[in-house]
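Take a look at the structure set out below.
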Amino acid sequence: MAREPREGGRGGREREREADELVDKLVTINRVAKVVKGGRRFAFAALVVVGDQKGRVGFGAGKAREVPEAIRKATERAKRAMIRVPMKEGRTLHHDVAGHFGAGKVILRSAEAGTGIIAGGPMRAVFESLGINDVVAKSLGTRNPHNMVKATFDALTRCASPRAVANRRGKKVAEIFGKRDQAAGAEAADV
């Protein structure tokens with residue numbers, strides 16, 4: 001039985017599946033030791049981010065005695081907990097947004113075309129799986145990967161498209177964006 005070569009190190013594992021076209025990225029693996037009468041028993045905890053690179057993403061954590069089993073459990077949990085995130089032009093966020101979870105705080109900012117993903121390790125995995133190409137992100141507070149990923153998902157769930165905001169307010173999309181244009185026109189008329 002031939003094994004596939006693995007790419008990257010601790011945080012760069014990526015695997016594409018042709019059947020459902022999901023990309024999963026291993027964010028972190030933690031080895032935990034339990035001291036028992038005969039010595040130590042090791043277990044592994046994995047954090048995985050799964051996405052279709054078209055606006056859907058999810059994360060999951062799994063624990064098991066062996067690494068592959070922990071990764072499999074985490075991947076299954078991530079697939080069950082996927083969310084859809086509205087994207088502007090299929091490459092960035094519609095607006096700046098902040099999120100937090102525990103001591104982890106993140107700020108996500110939309111960016112111009114060609115900026116790339118400017119974000120730290122766990123947040124980068126989320127954006128790459130999501131399919132966002134241009135974003136600037138900053139993590140404040142904790143550096144714990146679990147809290148950073150959960151804070152990023154908190155921020156992403158707060159993202160809204162202009163169409164969704166217009167529907168919620170009972171207005172048209174042009175009316176939401178038109179306020180700035182009308183104010184600029186009024187200032188020009190005063191001069």
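The values are calculated or read from the model by the stated rules, or taken from the named source; none is laboratory data. Just so it is clear, the structure is predicted and the values come from calculations on it, not from any experiment. Ideal geometry is used to build each Cβ from the backbone, glycine not excepted, and the neighbour counts take in all protein chains shown.
Does GLY8 count as part of a loop (DSSP other than H, G, I, E, B) and either farther than 18 Å from THR152 by Cβ or modelled with pLDDT of 95 or more (or both)? So GLY8 fits the description; yes.
Checking each residue in the stretch 117-136 for being in a loop (DSSP other than H, G, I, E, B) and either aromatic (Phe, Trp, Tyr) or more than 27 Å from ARG163 (Cβ to Cβ) (or both) picks out only GLY120. When restricted to residues that are among the β-branched types (Val, Ile, Thr) and touching a residue at least 40 places away in the same chain (Cβ under 8 Å), the stretch 20-56 contains 6. Does the stretch 64-79 include one or more residues that are touching a His at 6+ places or on another chain (Cβ under 9 Å), outside the structural domain of MET148 (by TED's automatic domain parsing) and buried (at least 17 other Cβ atoms within 10 Å of the Cβ)? No, the stretch 64-79 contains no residue that is touching a His at 6+ places or on another chain (Cβ under 9 Å), outside the structural domain of MET148 (by TED's automatic domain parsing) and buried (at least 17 other Cβ atoms within 10 Å of the Cβ).
LEU22 meets the conditions (1) farther than 19 Å from ALA155 by Cβ; (2) at pLDDT 95 or above; (3) crowded, with 18+ Cβ neighbours inside 10 Å in every case but one. The failed one is (2).
Filter the stretch 122-148 down to residues that are more than 11 Å from the chain's Cα centre (by Cα) and surrounded by fewer than 19 Cβ atoms within 10 Å (Cβ to Cβ), then give me how many there are. So the count comes out to 7.
Among all residues of the stretch 111-124, there is at least one that is small (Gly, Ala, Ser), on the phi < 0 side of the Ramachandran plot and touching a residue at least 40 places away in the same chain (Cβ under 8 Å).
Remark: pairs (first residue in the stretch 163-175, under 17 Å from HIS95 (Cα atoms); second residue of a type in the set (Gly, Ala, Ser); Cβ separation under 7 Å; 6+ apart in sequence or on different chains) = VAL173/ALA166. Scanning the stretch 88-110 for residues that are touching a Gly at 6+ places or on another chain (Cβ under 9 Å) and assigned to a loop (DSSP other than H, G, I, E, B) yields GLY90, ARG91, GLY102, ALA103.
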